[in-house]
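See structure below.
What follows is calculated from the coordinates using simple rules that are stated; it is not laboratory data. Just so it is clear, the model here is predicted, and its values are computed rather than measured. For neighbour counting, all protein chains shown are included, and Cβ atoms are generated from backbone atoms with ideal geometry for every residue, glycine included.
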Amino acid sequence: MLTILFDGVAYGMLLFILAVGLAVTMGLMNFINLAHGAFAMVGGYITVLLMQKMGVPFLWCLPLSFLGSALLGAVLEFTLYRRLYGKPHLDQVLFSIGLVFMAVASTDYFIGSTLQIMQLPEFLKGRTELWADTPFMLGMGHYRLFIIIVCALLTVALQSVLSKTRFGSRLRAAVDDQRVAAGLGINVNIVFLATFAVGSGLAGLGGALGAEVLGLDPTFPLKFMVYFLIVVAVGGTTSITGPLLAALLLGIADVAGKYYIPKMGAFTVYALMIAILIWRPQGLFSRGSK
């Protein structure tokens, strides 16, 4: 039981890092970016190709995947996304879903459709068991423990930046009223550019961390798009805490459901999502919940 809980927490933390950029763009920038998973795929492929083709150590690939995805996000925000701010949500959905299919087709053409294999460092392989031969045995995979630690540190850092720094204050001001924020000397375009780039970078880092757990192929953005949306819908977009708790809840439910009822697959997650959204359409952890 504890092992299932541990694996569920690791999966949930990974889902949070993958989806938090989408939560930020939807909640703070009011932009529906369904191409968010494409940035995660970019981070995964940067890591895999650097390790396979150039022999770059895995730990070095993680910040490079963040920087590569963030740079791509910044370029696309400046050239394409910025034109869609303030447009109807349907236009944003059609635009971003078009980018997803372009990313899938381009990756398949230039890299191939083969599932990528990532070789982890030796210290991240293996498993440690506590309280063996007891009903409370806890089996901790070293890589999943690494994911939990990294994602927890990123969560604390992100929450601190948004709530305790001048940049976080400027971002909230720009979201509340762009004209007033600009009149106060805030460069709204730069704030949105930096926010979008960081969100894309976090997705890329999540893709790098998740390549070994989730698998990596050109259909990655399509396969996990629904999971990202579930995290945002269930957790709400008014804070970072909501998507974090939602991701943990869904991660544990998914792992436990597939372990105890394997024939049901992901049905447990979808059933839980439907039940929660019927109960609280604004999100389980939204500040507006009553």
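Table for the structure above
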quantity: Partners for K164 among aspartates and glutamates (Cα-Cα distance below 17 Å; same-chain residues under 8 apart left out); calculated: none
quantity: Helix-only mean residue ellipticity at 222 nm for the chain, each DSSP H run of n ≥ 4 adding -39500 (n - 2.57), per residue, nearest 500; calculated: -24000 deg cm²/dmol
quantity: Over 31 Å (Cα to Cα) - which of K53/K258; K125/K223; K87/K223 fall in this group; calculated: K53/K258
quantity: Phi-based couplings in Hz for the range 150-163 (Karplus 6.51, -1.76, 1.60; Gly and Pro marked x); calculated: 4, 5, 5, 5, 5, 5, 4, 5, 5, 4, 5, 4, 6, 9
quantity: HN-Hα J in Hz across the range 12-24 - Karplus 6.51, -1.76, 1.60, θ = phi - 60°, x for Gly and Pro; calculated: x, 4, 5, 4, 5, 4, 5, 9, 5, x, 5, 4, 5
quantity: Distance histogram in 10 Å bins (all Cα pairs of the range 1-49, percent per bin); calculated: 23, 38, 29, 10
quantity: Fewest-first sequence of H36, H89, H142 by Cβ atoms within 10 Å of each Cβ; calculated: H89, H142, H36
quantity: Sorted largest first, extent of the range 2-221 alpha carbons per principal axis (Å); calculated: 65, 42, 31
quantity: Ascending count of other beta-carbon atoms within 10 Å, so fewest first, for L184, L222, L18; calculated: L184, L222, L18
quantity: Ellipsoid semi-axes in whole angstrom, largest first, where each is sqrt(5λ) of the Cα gyration tensor of the range 1-112; calculated: 26, 21, 13
quantity: Angle in degrees between helix 267-279 and the longest Cα principal axis of the chain, rounded to the nearest 10; calculated: 40 degrees
quantity: Neighbour-count ranking [beta-carbon atoms within 10 angstrom, fewest first] of S69, S160, S96; calculated: S160, S96, S69
